[in-house]
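Accompanying notes for the structure given below.
What follows is calculated from the coordinates using simple rules that are stated; it is not laboratory data. Quick caveat, the model's predicted, so the values are computed rather than measured. A quick note on method: Cβ atoms are made from the backbone with ideal geometry, for glycine too, and the neighbour counts reach across all protein chains shown.
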Amino acid sequence: MSSTAQPLRLPHPAASGQRTEPPPVRPAEVVGSDHVVCLTFDDGPHPVHTPRLLDILAAHRVRAVFFLQGDRVIEHPEVVRRIAAAGHALGNHGMHHDNMSAWTAGRIASDLLETNAVVRHAVPQARVPYFRAPYGAWGQTPTVATALGMRPMGWRLEVADWEPPGTDELLRRLTEGVVPGAVVLLHDGGGDRSQTVDAVDRAIPVLRASGWRFTLPDDRLAS
């Protein structure tokens, strides 16, 4: 499915006679300074691991951000509908998980608009308020995503669950690595994520017992 990119309006240099570059847009890595954590999941949806993860998040009453890969949205639209119906936030993770760091602004905009279009084809009127660059290879993507109305989201805690190192090790990295307001990078797609799902199931009650609460980037009510 394709989308026609509209002309991208980026900030202009100051009109003082001297050309200046706009300040770079920095991806958000934290969502506050309180004892809160934001769980985020990349590379989905996956037909097996994402539904199981959704069951676990529902059981623990935790909402998260799912950064969706466009070609996988086309393959599994029913899973995207379930993510949205459960009250989770949707993020744009590009159409094909390409490294966009050297792309022009126009090419980036076309890819992000196409990704949003396929998400909204699965879930009409869906809000896609967040963007994360595949591989964390940002280039011009933060500025473009912001111009398209999406907030670029980085991360403060990366547990490297793509390896995968074992559920116990992922649990240790999750529970020992969090800091106040941390955005946590995890994956529900792109491979066998059963260890990640198991680790999240075990980590949530451990973190809650230590006083941590779970929130979305722009949500004032943590759970």
Note to self: Tell me the net charge near PRO152. Cut-off is 11 Å between Cβ atoms, PRO152 excluded, with +1 for each Lys or Arg and -1 for each Asp or Glu.
What the structure shows: +2
Next item on the list: Would you mind working out the magnitude of the charge dipole of the chain relative to its Cα centre, with +1 at each Lys and Arg C-beta and -1 at each Asp and Glu C-beta, to the nearest 20 Debye?
Entry: 780 debye
Next item on the list: May I ask for the net charge around ARG120, where only other residues with Cβ less than 12 Å from the Cβ of ARG120 are counted and Lys, Arg are +1 while Asp, Glu are -1?
Entry: +1
Item checked: Histogram of C-alpha separations across the chain, 5 Å bin width, % -> 1, 7, 15, 19, 20, 16, 10, 6, 3, 2, 1, 0
Margin query: Starting from a Cα-only point model with no solvent, please compute log10 I(q)/I(0) by Debye for the stretch 26-145 at q = 0.19 1/Å.
Written below: -1.01
Check: Using Cα pairs under 8 angstrom and six or more residues apart, how large is the relative contact order of the stretch 36-214, in percent?
Finding: 30 percent
Check: Using a Gaussian network model of the chain with C-alpha springs under 10 Å, which one of VAL31, VAL183, VAL119 is most mobile by mean-square fluctuation?
Finding: VAL31
Checklist line | Residue with peak Gaussian network fluctuation, the chain [Cα springs, cutoff 10 Å], from PRO51, PRO27, PRO165 | finding: PRO165
Next item on the list: For the stretch 118-223, run through the trypsin sites (Lys or Arg not before Pro) and keep only the ones in DSSP coil with at most 15 other Cβ atoms within 10 Å of their Cβ.
Entry: ARG127, ARG220
Notebook entry, point to check: If Lys and Arg each add +1 and Asp and Glu each add -1, what is the summed charge of the other residues whose beta carbon sits under 12 Å from the beta carbon of GLY181?
Noted result: 0
